[in-house]
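Trainee: Sharing a structure with you now.
The values are calculated or read from the model by the stated rules, or taken from the named source; none is laboratory data. Please read all numbers here as calculations on a predicted model, not as lab measurements. All Cβ positions, even for glycine, are placed from backbone atoms using ideal geometry, and neighbour counts span all protein chains on display. Just so you know, the surface numbers come from the protein's heavy atoms only, side chains and all, with ligands and any DNA or RNA stripped out. Shrake-Rupley method; radii C 1.70, N 1.55, O 1.52, S 1.80 Å.
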Amino acid sequence: MSIAENLEAVRVRIADAASRAGRDAGEVELVAVSKTWPASMVAEAFEAGQRAFGENKVQELIEKAPALPEEIRWHLIGHLQKNKVRKVLPVCASVHSIDSIDLARRVDRIAGEEGLTVEGLLQVNVAGDDAKFGFTRDEVRGVIDEVAGLEQLAVRGLMTVPAYDPDPEKVRPHFARLRELRDELASASGWQLPELSMGMSHDFEVAIEEGATLVRVGSSIFGQRDYGTG
Ligand SMILES: *Cc1c(COP(=O)(O)O)cnc(C)c1O
């Protein structure tokens, strides 16, 4: 199957999942995760109408973006090291992986210095597993007022990356927990937190049923990645 056909198949699955949940498919944005794949494949997806792309590494993003159309909205979905903030902000529209209060403050300050605004999502470790990155739910409750009040970093919602489980039903409770946390924060703080970034190739349908507004899908569009571990 071509990238265009894969994209179409994913869009159909998004629409079906939304309709099962009684949601409008237009509420769900597909972020095509192009990490490890060359710019030529991103261009192919762009030709097929895709506009939002996700990368998890700053270096790869800043190398790929200049070769590609400016209409692309790049989403940084992997951990952002503090010393790379200034480099990445000019090329990315949204940072899904705001995972500490220090990072939030720094992104806000540097965006201000560079005359930019950037959208951000707070990454939450809802499973409470030993994932390396992400706020705990209690930490988010403690920082929401400060981060939502930042001017140059526009916090739009929450994101999570649960540990991989081949059975999407096992992941569903984590997605539900992220939505519940968002609802709780929004009503307690009065901040609008419309976005929920959750769901990847093997579990995005369940994520949509649980309220995802951004799904991050890589291998179902571009194919299995080869990290060269062999
Ligand atoms: C790689 C990645 C994805 C996409 O994973 P697929 O299984 O290829 O769809 C989504 N989110 C994050 C944070 C990733 O690093």
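Trainee: What number of residues within region 65-77 are within 20 Å of Lys132 (Cα to Cα) and free of Cβ contacts under 8 Å to residues at least 24 places away in the same chain?
Mentor: Total meeting the criteria: 1.
Trainee: Suppose we keep only residues that are polar (S, T, N, Q) and within 12 Å of the ligand (Cβ to nearest atom) within region 195-222. Which one would you say is least open to solvent (accessible area, probe 1.4 Å)?
Mentor: By that ranking, first place goes to Ser197.
Trainee: Please determine, by comparing only the residues of region 144-173 that are part of a loop (DSSP other than H, G, I, E, B) and of a type in the set (D, E, K, R), which one is farthest from Val85 (Cα to Cα).
Mentor: Asp167
Trainee: Same structure again: For Glu27, which of the numbered conditions (1) without any contact (Cβ under 8 Å) to a residue 24 or more places away in the chain; (2) away from the ligand (no atom under 13 Å from the Cβ) fails to hold?
Mentor: Only one criterion is unmet by Glu27, namely (1).
Trainee: Does Pro162 fit the bill of being at pLDDT below 95 and either over 23 Å from Phe53 (Cα atoms) or open to solvent by 60 Å² or more (accessible area, probe 1.4 Å) (or both)?
Mentor: No.
Trainee: Still on this structure, I have one more. If you scan region 202-220, which residues turn out to be under 15 Å from Arg20 (Cβ atoms) and part of a helix (DSSP H, G or I)?
Mentor: Across region 202-220, the qualifying residues are Phe204, Glu205, Val206, Ala207, Ile208, Glu209.
Trainee: Sticking with this one: So which residues in region 195-230 are over 23 Å from Gly134 (Cα atoms) and among the polar types (S, T, N, Q)?
Mentor: Result: Ser219, Ser220, Gln224, Thr229.
Trainee: Continuing with this model, one more query. Just to check your reading of the model, which residue among Val126, Val140 is open to solvent by less than 20 Å² (accessible area, probe 1.4 Å), in a loop (DSSP other than H, G, I, E, B) and over 18 Å from Glu27 (Cα atoms)?
Mentor: Val126
Trainee: Just give me the residues in region 5-29 being within 24 Å of Glu70 (Cβ to Cβ) and surrounded by 21 or more Cβ atoms within 10 Å (Cβ to Cβ), in sequence order.
Mentor: Leu7
Trainee: Shifting gears a bit: Just to verify a result, which residue in region 178-194, among those that are within 18 Å of the chain's Cα centre (by Cα) and open to solvent by less than 30 Å² (accessible area, probe 1.4 Å), is nearest to Val33 (Cα to Cα)?
Mentor: Leu178
Trainee: Would a scan of region 161-171 turn up a residue that is within 27 Å of Val91 (Cβ to Cβ) and under 19 Å from the mean Cα position of the chain (by Cα)?
Mentor: yes
Trainee: Something else: Which residues, taken from region 51-73, are within 14 Å of the ligand (Cβ to nearest atom) and either in contact with a strand residue (DSSP E or B) (Cβ under 8 Å, 6 or more places away or on another chain) or among the β-branched types (Val, Ile, Thr) (or both)?
Mentor: Ala52, Phe53, Gly54, Glu55, Asn56, Val58, Leu61
Trainee: Just checking, does region 189-201 include any residue being in a helix (DSSP H, G or I) and in contact with a helix residue (DSSP H, G or I) (Cβ under 9 Å, 6 or more places away or on another chain)?
Mentor: yes
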